[in-house]
Amino acid sequence: MKTELSSGKKLIPALLVIWGVAVALYFGMTAVEPALLETPRIFSYGTWAAGAASDYFYRFLWVVGDYSEGVAYRSIVSSIGLIVAGFAVHLLFIRGRAPKGIDPISYGLGAFPWIMLSSFTGLLVTSLLYGDLLTRGWIPTYLPGCTVPGAMILMYGCSMKAAFTVGILSGIIQFPLGLIANVLAARLGLPGLSLITIFGMALACILIVEITRLLPWMKGYVKGVEAPHFSPYRNAAARSVTPSTGWLLHRLLADFTEPFFIGSDVAGLGLVAGAVISWLLNPAHILYGTPGLFPAVLAGQLMSGSLAISFYWKKHRDNGFCPTFTAIVSTSVCLVKFGPSLFNVMVLAAFNALITTTLADFCMSWVAKHLKRYPNFIGSVVGMGVGVTIISILLNYLSR
């Protein structure tokens, strides 16, 4: 016990440095943002959203931007950074040229291209079926890009029939449930994610699993006649969990991509770097064009993610995984709801790191034990939704 406690203490200096850097970024980026707004080099979110409602080019760009909305960014450049970095890492591991110290993408199973194919199929189907609703404003078209397709590919393996079946079902089912959840959350004064996680992610996944089990071409997987096919990378061992500055930074970057079932530090770096570049090109392009929001969200993500990982590092070691990524996602959504003040950033980062991650881990473990026919992630997203709800009610009460 003393050894574990002393090992955990090794993360404290790195945690304090990350929080200090986050605060510095918050003040520095907030100070620079007005000058960047005067010379935009990429279209604004308002132009993008208006164009996506009626123009097929902007609609396609909207689909690409859906990828980065899993962490609230909604940015073309950030999505491209995620996709390009992800494929680069995948190719490096396939060719056996991955530098030492890089995390295997999508858990070393070789499933990354299939996850991307399935999620892109879902996003396209959502856009084709429901994209015209963009005339009414923002809608949760991003759902198939970051939830069910990835989980289902890991369940049924890498194949065309699995990728397209799951992608099409996700595109049809997830959006309507997510839209209903978003409307209900707005009426209750809660962030959309508080109910979208329960309806648009968890409930949608349960429905898709049950429908998939009835489809003739999928029954081989369901009944165990056919084994899920994967092509694991050669000599790609998962990073050992050691409480060190290096491990904390790698885990933090990887957590940015866990909503997409990618789990890669390099892909996470591509996602975050793309978001920063997007903000430099035009702060009104990213995060729904809200002034001052991206510096706050980035700072909050760094704070909440690093605190959650530092607090639960032993769960990462003992269980192989802990849903600390939920702190990053939930902090972002709460800041969109409650505003980008430094007080909100620090309080929401701490609350989400400790409350949301705890609930997400508990619910994920419960699903793994009691609902084995479904992907474990439905527990983590339900726990995230409950955590966001509790924190939102608490902040609404304190702000009276």
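The values are calculated or read from the model by the stated rules, or taken from the named source; none is laboratory data. Just so it is clear, the structure is predicted and the values come from calculations on it, not from any experiment. Counting neighbours? That spans all protein chains shown, and the Cβs are built from the backbone with ideal geometry, glycine included. Surface accessibility is based on the protein's heavy atoms, side chains included, excluding ligands, DNA and RNA. Shrake-Rupley method; radii C 1.70, N 1.55, O 1.52, S 1.80 Å.
Just Arg95, Arg373, Arg74 to compare: in a GNM of the chain, with alpha carbon springs under 10 Å, which one fluctuates most?
The residue with the greatest mean-square fluctuation here is Arg95.
How much length is gained on full extension from Val21 to Tyr56, taking 0.36 nm per residue of separation minus their Cα-Cα distance?
Between Val21 and Tyr56, full extension yields an extra 8.6 nm.
Run the numbers on the chain and let me know its relative contact order in percent, using alpha-carbon pairs under 8 Å that are six or more apart.
Computed value for the chain: 23 percent relative contact order.
Packing-wise, with mean Cβ within 10 Å as the measure, how do 27-34, 277-284 rank, highest first?
277-284, 27-34
Suppose each label sits 7 Å from its Cα in the direction of the beta carbon; what would the Asp318-Ile206 distance come out to in nanometres?
Distance between label points: 2.9 nm.
For a test of the definition: using alpha carbon positions, the gyration tensor, and the 1.5 limit on a/c, classify the chain as rounded, prolate or oblate.
rounded
Averaged per residue, what accessible area in Å² does the range 272-400 show with a 1.4 Å probe, protein chains only?
The answer is 36 Å² per residue.
Fully extended, how many nm does the chain gain between Lys100 and Leu37 (0.36 nm per residue separation, minus their Cα-Cα distance)? Can you show the working numbers first?
Values: separation 63, 0.36 × 63 = 22.68 nm, distance 4.03 nm.
Answer, rounded to one decimal: 18.6 nm.
On the accessible surface of the chain, probed at 1.4 Å, how many percent belong to carbon and sulfur atoms?
Values: 11410 of 16600 Å².
Taking all protein chains in place, the chain shows 69 percent carbon and sulfur surface.
Quick check for you: with a 1.4 Å probe and neighbouring chains kept, what is the accessible area per residue of the range 6-114, in Å²?
47 Å²
Please enumerate, by chain and number, the lysines with C-alpha under 25 Å from the C-alpha of Lys9, excluding those fewer than 8 residues away in the same chain.
By straight Cα distance, Lys9 reaches Lys314, Lys315.
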